[in-house]
1. Just one of the numbered conditions (1) in contact with a helix residue (DSSP H, G or I) (Cβ under 8 Å, 6 or more places away or on another chain); (2) under 19 Å from THR109 (Cα atoms); (3) buried (at least 19 other Cβ atoms within 10 Å of the Cβ); (4) of a type outside the set (Phe, Trp, Tyr) is not true of PRO125; which one?
2. Does region 193-207 include one or more residues that are over 20 Å from PHE47 (Cβ atoms) and in contact with a Leu (Cβ under 7 Å, 6 or more places away or on another chain)?
3. What is the number of the single condition among (1) in contact with a Phe, Trp or Tyr (Cβ under 9 Å, 6 or more places away or on another chain); (2) surrounded by fewer than 14 Cβ atoms within 10 Å (Cβ to Cβ); (3) not aromatic (Phe, Trp, Tyr) that LEU146 does not meet?
4. I need the full set of residues from region 53-72 which are at pLDDT 90 or above and either surrounded by fewer than 16 Cβ atoms within 10 Å (Cβ to Cβ) or more than 17 Å from the chain's Cα centre (by Cα) (or both), in order please.
5. Kindly indicate the residue of region 192-217 that is touching a Phe, Trp or Tyr at 6+ places or on another chain (Cβ under 9 Å) and among the aliphatic types (A, V, I, L, M) and also nearest to LEU147 (Cα to Cα) among those meeting that condition.
6. For region 3-76, please list each of the strands (runs of 3 or more DSSP E) lying entirely inside it that holds at least 2 residues being free of Cβ contacts under 8 Å to residues at least 60 places away in the same chain and either among the polar types (S, T, N, Q) or closer than 15 Å to LEU105 by Cβ (or both).
7. Could you tell me which residue of region 13-38 is nearest to PHE189 (Cα to Cα), considering only residues that are of a type in the set (Gly, Ala, Ser) and touching a Phe, Trp or Tyr at 6+ places or on another chain (Cβ under 8 Å)?
8. Just give me the residues in region 162-191 being at pLDDT 95 or above, assigned to a strand (DSSP E or B) and either out of contact with any Phe, Trp or Tyr (no Cβ under 6 Å at 6 or more places or on another chain) or loosely packed, with under 15 Cβ neighbours inside 10 Å (or both), in sequence order.
Amino acid sequence: MTATQILTRMAEAYATCSSYSDTGVVSTSFIKPNGTRTLEKPFSTAFIRPDRFRFEYQESGDRHFAWREGATVRVEWLKPGITKILETMPHYQQLMHPESLAMALAGMTGVSGSSAHTIPTLLLPDEIGGRRLTDMTEVHRRDDALLEGEGAECYLVAGNYSGHPMVVWIEKATFCVRRIEAQHPFEGFRTETTTTYFPAINGAIDEDLLCYNRSHG
């Protein structure tokens with residue numbers, strides 16, 4: 001298959017699946033002349049078609065999540081004392097009860113290292129807009145590779161995403177994304193980001209994974 005055909009099969013796998021779940025981490029290294037600092041943001045996703053969804057990412061011990069069941073959508077930031085602070089804000093209810101899942105995830109996309117958007121927009125392409133992995137340009141295949149430590153054989157598709165180099169590891173058996181490697185230059189420094197996924201597709205989803213707030217059910 002060509003790189004474009006692989007990306008198309010990947011998109012079809014997500015858009016037609018009955019269920020999906022993952023855990024993973026976004027690891028970003030900020031590389032400067034005087035040293036390197038790495039920031040990690042774990043995340044998890046659970047989804048049962050058509051309308052049960054939960055995404056969570058963590059940063060510095062704080063938990064942020066978006067949840068939907070039917071027509072009800074909620075977001076929350078779990079940090080000691082933060083709820084009381086948020087409740088004093090005039091638009092608290094609007095912030096915590098967005099009109100759509102797309103709006104809920106849009107507010108998390110940048111701060112989550114894009115993990116709130118990358119897979120959800122493939123799962124729900126008619127609901128969640130924005131750039132997708134299928135929008136990569138100048139795509140081409142690199143040599144297939146084995147994901148170290150897991151034995152998963154992957155296609156490697158390289159190209160440009162928003163003008164920056166990216167490599168996507170796509171598991172041959174499932175066409176699920178297993179790893180994304182991206183680089184971004186900035187004035188005075190550059191970043192190297194690796195997003196790792198441990199996915200499960202078309203399987204049973206533990207009810208606990210879809211619970212609104214898993215800290216208390």
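The values are calculated or read from the model by the stated rules, or taken from the named source; none is laboratory data. These numbers come from a predicted model, not from an experiment. Cβ coordinates were reconstructed from backbone atoms using ideal geometry, including for glycine residues, and neighbour counts include every protein chain displayed.
1. (3)
2. Of the residues in region 193-207, the ones over 20 Å from PHE47 (Cβ atoms) are 193-194.
The next check asks that each one be in contact with a Leu (Cβ under 7 Å, 6 or more places away or on another chain); those that pass are none.
No, region 193-207 contains no residue that is over 20 Å from PHE47 (Cβ atoms) and in contact with a Leu (Cβ under 7 Å, 6 or more places away or on another chain).
3. Status for LEU146: all satisfied but (1).
4. GLU69, GLY70, ALA71, THR72
5. Per the criteria, the residue is ALA200.
6. The qualifying strands (runs of 3 or more DSSP E) are 35-48, 52-59, 62-69.
7. Keep residues of region 13-38 that are of a type in the set (Gly, Ala, Ser), which gives 13, 15, 18-19, 21, 24, 27, 29, 35.
Checking which are touching a Phe, Trp or Tyr at 6+ places or on another chain (Cβ under 8 Å) leaves us with 13, 19, 21, 24.
Numbers: ALA13: 37, SER19: 40, SER21: 34, GLY24: 26 Å.
Step by step, filter region 13-38, then rank; the result is GLY24.
8. First, pick out the residues of region 162-191 that are at pLDDT 95 or above: 165-182.
Subsequent filtering for residues that are assigned to a strand (DSSP E or B) retains 165-171, 177-182.
Correct list: PRO165, MET166, VAL167, VAL168, TRP169, GLU171, ILE180, GLU181, ALA182.
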